[in-house]
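The values are calculated or read from the model by the stated rules, or taken from the named source; none is laboratory data. Remember, predicted model here, so these are calculated numbers, not experimental data. Virtual Cβ from ideal backbone geometry, glycine too; neighbours counted across all protein chains shown. Ligands, DNA and RNA are stripped out before the accessible areas are found, and what is left, the full protein with its side chains, is counted by its heavy atoms. Shrake-Rupley method; radii C 1.70, N 1.55, O 1.52, S 1.80 Å.
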Amino acid sequence: MRRGWFLPITAALGFSFLYAPIISMVVFSFNENNLVTVWSGFSTKWYGALLNDPQMLSAAWLSLHIAAISASIALVLGTLAAVALVRFRRFRGRTLFSGMVSAPMVMPDVITGLSLLLLFVAMEGALGWPAGRGMVTIIIAHSTFAMAYICVVVQSRLADFDRSVEEAAMDLGASPLRTFFDITLPIIAPALVSGWLLGFTLSLDDLVIASFVSGPGSSTLPMVIFSKVRLGVSPDVNALATIIIGIVAVGVVIATLLQLRNRPHKGRA
């Protein structure tokens, strides 16, 4: 009996520890009071204040723009790196190449941000590009470390790939390039989508690296939120976080429904 109650109680405590702060933040986003810890009545005025805050809106748009571009660049580079590591197991410098691809995952963000800042300063002095720090430097920095995570995701999918499908396509006359686009990419498409979403999330969530490589007028959403939180948590920040949580929750529900909808078709097949 004790063993039967232990797992549910432990799971309940664990989920409470994870989600109770999020639920409290959502609740206090509808608080009328300026103090986030004192409830004085239900109100949606902070959502209106958020929509009328040009700094927050411009930072959110900039972060979404940077995340989409950097995730797309990292997806291409990470996929190429994964193909090279899985399909070409023996080439000169493979160990060094694999270590360089994996390094951003284990490197502290402070070290990565500082090294990229020094690189951009040296490139500006030698080549005149990039001219200052801004959106371009943030995209390059985010693509650098997001590529490592995407490479791992795609590499794990390619490791379990059935090469006989590609061999059959080439036996029928397809070129290696057409085989890659017509056979390989559709099969590993779920891994590509997962890798892109992971890169998008990592870029949207980054604060430390962006703080090193950003400049005036290129403050991302985490940087703006962090600057506001340092002066005290504002209810409009809770409203913004609630909106983001709602978007993520809708995406998870849609993905779950699509998976449940496709299961019967697979069973019939």
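Diagonalise the Cα gyration tensor of the range 64-158 and give the resulting equivalent ellipsoid semi-axes, square root of 5 times each eigenvalue, largest first, whole Å.
After diagonalising the Cα gyration tensor, the semi-axes are 26, 16, 12 Å.
Compute the helix-to-body angle for 94-106: its Cα long axis versus the longest principal axis of the chain, expressed 0 to 90° and rounded to tens.
Roughly 10 degrees between the two axes.
Order 53, 171, 162 by their accessible area, 1.4 angstrom probe, all chains in place, largest first.
Ranked list, largest accessible area first: 171, 162, 53.
Suppose R0 equals 22 Å. What FRET efficiency, 1/(1 + (r/R0)^6) with r the Cβ-Cβ distance, do residue 164 and residue 89 give to the nearest 0.05?
After rounding, the FRET efficiency stands at 0.75.
Rounded to the nearest 20 Debye, what is the dipole magnitude of the range 74-151 about its Cα centre when Lys and Arg each give +1 and Asp and Glu each give -1 at the C-beta?
Roughly 520 debye for the range 74-151.
Give me Rg/Rg_expected for the range 1-129, where Rg uses Cα atoms only and Rg_expected = 2.2 N^0.38 Å with N residues.
1.74
Of 99, 146, 179, which is farthest towards the positive pole of the range 67-189's charge dipole, taken about the Cα centre with +1 and -1 on the beta-carbons of Lys, Arg and Asp, Glu respectively?
So the residue we want is 99.
What's the center-to-center distance, using Cα atoms, between the range 22-88 and the range 103-154 in Å?
Rounded to whole Å, the Cα centres lie 21 Å apart.
Once the Cα gyration tensor of the range 120-206 is found, what semi-axes does its equivalent ellipsoid get, as square roots of 5 times the eigenvalues, in whole Å, sorted largest first?
36, 17, 9
Toward the positive end of the charge dipole of the range 124-232, about the Cα centre and with charges on Cβ (Lys, Arg +1; Asp, Glu -1), which of 134, 158, 216 goes farthest?
Working it through, the farthest residue towards the positive pole turns out to be 216.
Whole-Hz ³J(HN,Hα) for each residue in the range 171-186, computed from phi via Karplus 6.51 cos²θ - 1.76 cosθ + 1.60 with θ = phi - 60°, x for glycine and proline: what do you get?
With the stated coefficients, the range 171-186 comes to 5, 7, x, 6, 6, x, 5, 5, 4, 5, 7, 8, 10, 5, 4, x Hz.
Give, as a single signed number, the net charge of other residues whose beta carbon lies under 10 Å from the beta carbon of residue 63, with Lys and Arg counted +1 and Asp and Glu -1.
-2
I'd like the accessible area for residue 135, computed on protein heavy atoms only with a 1.4 Å probe and all protein chains in place. Round to 10 Å², please.
Counting only protein heavy atoms, the figure is 60 Å².
Can you tell me which of 246-256, 201-211 comes out highest on packing, and rank the rest after it, using the mean Cβ neighbours within 10 Å?
201-211, 246-256
Leaving out ligands, DNA and RNA but keeping every protein chain, what accessible area does residue 245 have, in Å² rounded to the nearest 10, with a 1.4 Å probe?
Counting only protein heavy atoms, residue 245 exposes about 60 Å² to solvent.
Show me the chymotrypsin sites (Phe, Trp or Tyr not before Pro) within the range 83-179 that DSSP assigns to loop and that have at most 16 other Cβ atoms within 10 Å of their Cβ.
Passing both the DSSP loop test and the Cβ count: 88, 91, 161.
If you average over every viewing direction, what projected area does the convex hull of the Cα atoms of the range 50-102 give, in nm²?
Projected over every direction and averaged, the Cα hull of the range 50-102 covers 4.7 nm².
What's the Kirkwood radius of the range 174-269 in Å, using all Cα pairs?
When all Cα pairs of the range 174-269 are included, the Kirkwood radius is 17.3 Å.
Simple spin-label model, 7 Å along Cα-to-Cβ: residue 39 to residue 171 in nm?
6.8
Taking 41 Å as R0, compute the FRET efficiency from the Cβ-Cβ separation of residue 243 and residue 97 and round it to 0.05.
According to the calculation, E is roughly 0.50.
Run the dipole for the range 1-141 about the Cα centre, Lys and Arg Cβ at +1, Asp and Glu Cβ at -1, nothing else charged, and hand back the magnitude in debye, nearest 20.
Dipole of the range 1-141, to the nearest 20 debye: 940 debye.
Considering only protein heavy atoms and a probe of 1.4 Å, how much of the accessible area of the chain is carbon and sulfur, as a whole percent?
Carbon and sulfur atoms account for 70 percent of the accessible area of the chain.
Where does each of 102-114, 34-46 land if you order them by average Cβ count within 10 Å, highest first?
With the highest mean Cβ count within 10 Å placed first, the list reads 102-114, 34-46.
With each run of n ≥ 4 DSSP H residues scored as -39500 (n - 2.57), what mean residue ellipticity at 222 nm is computed for the chain after dividing by its residue count and rounding to the nearest 500 deg cm²/dmol?
Taking each H run of at least 4 residues, the total per residue is -25500 deg cm²/dmol.
When only DSSP loop residues count, what trypsin sites (Lys or Arg not before Pro) in the range 66-128 have their Cβ near at most 13 other Cβ atoms within 10 Å?
89, 90, 92
Tell me, what does the Kirkwood hydrodynamic radius of the chain come to in angstroms if you use every pair of distinct C-alpha atoms?
Hydrodynamic radius (Kirkwood, Cα pairs) of the chain is 22.1 Å.
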